[in-house]
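See below for the structure under consideration.
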Amino acid sequence: QVQLVESGGGLVQPGGSLRLSCAASGYIFSDAAMGWYRRAPGKERELVASITRVGSTNYADSVQGRFTISRDNTKNTVYLQMNSLQPEDTGNYYCYTDIILRGRYWGQGTLVTVSS
């Protein structure tokens, strides 16, 4: 079955960096779009970044220029490099994949806390 396992979350000071990873299995990774959502405390879920099968990317305005999404089709993994983190970036980050004719699948989430 489709599995998405996130890792890399944690506590970081403002201005710091983290790299999230999402390891995928159970489908043809290179055929699917991937992305990251986040849910901050008391806020609506927000699409942070996405990447298509061919590597085209899209970012929320709030993270443009600070976050970078990438994928390694040899490792079935998508990454989210997060730089210049701010307290408002705090939240649970969820990886997802959109598989043609099968729909969207989600990971379990990883918590990012930005605090001094």
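The values are calculated or read from the model by the stated rules, or taken from the named source; none is laboratory data. From a predicted model like this one, the values you see are computed outputs, not experimental measurements. Counting neighbours? That spans all protein chains shown, and the Cβs are built from the backbone with ideal geometry, glycine included. To get the accessible areas, we keep the full protein, side chains included, count just its heavy atoms, and leave off ligands, DNA and RNA. Shrake-Rupley method; radii C 1.70, N 1.55, O 1.52, S 1.80 Å.
Below is a table of values for the structure above.
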{"quantity": "So GLY26, is it out of contact with any Leu (no Cβ under 7 Å at 6 or more places or on another chain), small (Gly, Ala, Ser), without any contact (Cβ under 8 Å) to a residue 40 or more places away in the chain and open to solvent by less than 70 Å² (accessible area, probe 1.4 Å)", "calculated": "yes"}
{"quantity": "Filter result (over 10 Å from LEU80 (Cβ atoms), surrounded by 19 or more Cβ atoms within 10 Å (Cβ to Cβ) and free of Cβ contacts under 8 Å to residues at least 40 places away in the same chain) within region 34-54", "calculated": "SER50"}
{"quantity": "Residues within region 100-116 that are under 17 Å from GLY15 (Cα atoms) and open to solvent by 100 Å² or more (accessible area, probe 1.4 Å), tallied", "calculated": "1"}
{"quantity": "Residue identified as open to solvent by 40 Å² or more (accessible area, probe 1.4 Å) and under 18 Å from LEU11 (Cβ atoms) among ASN58, ASN83", "calculated": "ASN83"}
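To keep it simple, each residue is scored yes or no on (1) hydroxyl-bearing (Ser, Thr, Tyr); (2) farther than 14 Å from VAL114 by Cα.
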{"residue": "LEU11", "(1), (2)": "no, no"}
{"residue": "CYS22", "(1), (2)": "no, yes"}
{"residue": "SER30", "(1), (2)": "yes, yes"}
{"residue": "GLY42", "(1), (2)": "no, yes"}
{"residue": "ILE51", "(1), (2)": "no, yes"}
{"residue": "TYR59", "(1), (2)": "yes, yes"}
{"residue": "ARG71", "(1), (2)": "no, yes"}
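Table: residues versus (1) part of a loop (DSSP other than H, G, I, E, B); (2) at pLDDT 95 or above; (3) not aliphatic (A, V, I, L, M).
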| residue | (1), (2), (3) |
| --- | --- |
| TRP36 | no, yes, yes |
| GLY42 | yes, no, yes |
| SER50 | no, yes, yes |
| GLY65 | yes, yes, yes |
| ILE69 | no, yes, no |
| TYR79 | no, yes, yes |
| ASN92 | no, yes, yes |
| TYR96 | no, yes, yes |
| THR113 | no, yes, yes |
